[in-house]
1. What size of dipole, in debye to the nearest 20, comes out for the stretch B:159-298 about its Cα centre when the only charges are +1 on Lys and Arg C-beta atoms and -1 on Asp and Glu C-beta atoms?
2. Projected onto the charge dipole of the stretch B:209-273 (+1 at Lys/Arg Cβ, -1 at Asp/Glu Cβ, origin at the Cα centre), which of B:213, B:265, B:232 gives the Cα projection farthest towards the positive end?
3. Take every DSSP beta bridge with both residues inside the protein assembly as shown and express the antiparallel ones as a percent of the total, to the nearest 5.
4. Remind me, what semi-axes does the protein assembly as shown give for its equivalent ellipsoid, largest first in whole Å, using sqrt of 5 times each Cα gyration tensor eigenvalue?
5. Please compute the modelled spin-label separation between residue B:199 and residue B:130, points set 7 Å along Cα→Cβ, answer in nm with one decimal.
6. Can you pull the mean other chain C-beta count within 10 Å for peptide B:79-89?
7. Can you tell me the dipole magnitude for the protein assembly as shown around its Cα centre, using point charges on the Cβ only (Lys, Arg +1; Asp, Glu -1), in Debye to the nearest 20?
8. Over the stretch A:1-113, what is the mean sequence separation of C-alpha contacts under 8 Å (at least six apart), divided by residue count, expressed as relative contact order in percent?
Amino acid sequence: MASLGIDVLFKGTNFLRLLQGLWVSIEISLISVVLSILLGLIVGVLMTINNKILHAILKVYLETVRIMPQMVLLFIVYFGTTRVFGWDMSAEASAIFVFTFWGTAEMGDLVRGSIKSIPVIQFESALALGMDKIQTYFYIILPQTVRRLIPLSINLITRMIKTTSLVMMIGIVEVLKVAQQIIEANRKVSPNAAFGVFLVVFLLYFIVCWPISRLATYLEKRWA
Amino acid sequence: MKKNFLSKVTGLALVGTLAVSGLTACGSSASSSDVASTGEDAVEASSEAAGFRTLDEIKESGTINIGVFSDKSPFGFVDENGEYAGYDVYFAERIGQDLGVEINYVSTEAANRIEYLQTGKVDIILANFTVTEERAQEVDFALPYMNVALGVVSPDSAVVESLDDIGADDQIIVISGTTAETYLTKNYPDIKLQKYDAYAEAKTAFENGNGVAWANDNTEVIAFSLENEGYTVGIPSLGDQDTIAPAVTKGNETLLNWLNEEIETLGAENFFHAVYEATLLDTYGADYEDTLVLEGGK
């Protein structure tokens, strides 16, 4: 075990710091994911509306998010807004904003795809039963959409959790940064620590992402 | 159309910010209106809008924000108790003590050091910041407190003490993209270089005897020769001498002047030699103290 360098994690408060770093990652991703799902549902429904102007705006939004690397978005929001507008947004707020901005666009596109995949006959039948548009969406379309969405959105959620490692670029010390700090601080005494420490980080990410994936499978079965 | 988009973005921003509960005071509306104003006020306005804090403002607030590396041992790193430590941090601690303020350390990366200063999100960068002309146009450097240069390490059996000794068929190992590569290509075009992408590859190649010598930052080669038996740094300082200095936001003269005075005063008590002995001695040994340390900015 010593050759893996895992022992460096038990020096001082190293392991506790790693867990604190993990909590920072979870906190940022959890808030962003919840906001992205809520806003993504709205944006997704808007995307299906036949309105050229709205369509163009959402297209620009989605493409912007797809083209811009998250790192660039983080820099623009954290440093750019201070430069241009003089706002002093905290690093955490910037991170949550960027991840929500990204997640909403992708989630919206997933919602759009799921709604489009529901046969037109479902809309027509609901309308024939005398439901109005809002009722149709709430009672007929959205429940079916949500079921189709689960596997797709799990993909997005776990990707968002893993991408939070980028926030170290705006000074937030999250789990991966703590890992690097521990490895570097022990470079001389334990040169192989990188392997062991990253292995533990891998396990931590797994412990976070796995229950989400299990929950998804459960929900998929239950709502099928 | 534009308005819709903007209001949506702003809406998202609000939601995002509110979610963290602490809606951070937006640099005050006064400073954002200053940005818009141009003309004679421009210089003053930009100092306010860019948000750098003068010496008095820092003292008043009771906290100074200092950007340091958190994973570059032994210059700036976090020890096993979660405390910042290292050569740069030792100096930072002294700055805090002499200013009579608390220190808020900000973990920086090589790529965002200038951004941090230009947006005033930190007051001082003390992150192994090498002084270059390009950087000096973006930020203001105080007096330097450390030297860096290139160094060349070679096996004990055939120590390379001058680059003129390199034979026509001999090769020198370098890491691509480093100053060592640029310097040798420019100044010694006849010397054959063996280029590697990563530190570990270059190290293995050198240990296997693929080249007669290895050129890199002198701190790196010195550390290598001390950690590995049988190698000597024949040329500890090659080419242009670069320096490492604290940096502040461009135009923050009060803080810059204070830092310069501080570094001169500390020179009188040989402060940086003490820092070297406390933080770098383990890695670089006593022989290189005078090569690396710069006292009183000279």
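1. Approximately 480 debye in magnitude.
2. B:213
3. Percentage antiparallel, nearest 5: 60.
4. Output for the protein assembly as shown: semi-axes of 50, 30, 22 Å.
5. Label at residue B:130, label at residue B:199, 1.4 nm between them.
6. Working: counts 8, 13, 5, 9, 2, 1, 1, 1, 0, 0, 0.
The mean count of partner-chain Cβ atoms within 10 Å per residue comes to 4.
7. 4480
8. Working: 89 pairs, mean separation 48.4, N = 113.
After rounding, I find 43 percent.
The values are calculated or read from the model by the stated rules, or taken from the named source; none is laboratory data. Nothing here was measured: the structure is a model prediction, and the numbers come from that model. Every residue, glycine among them, receives a Cβ derived from its backbone with ideal geometry; neighbour counts consider all protein chains shown. The area values use the complete protein model at the heavy-atom level, side chains included, leaving out ligands, DNA and RNA. Shrake-Rupley method; radii C 1.70, N 1.55, O 1.52, S 1.80 Å.
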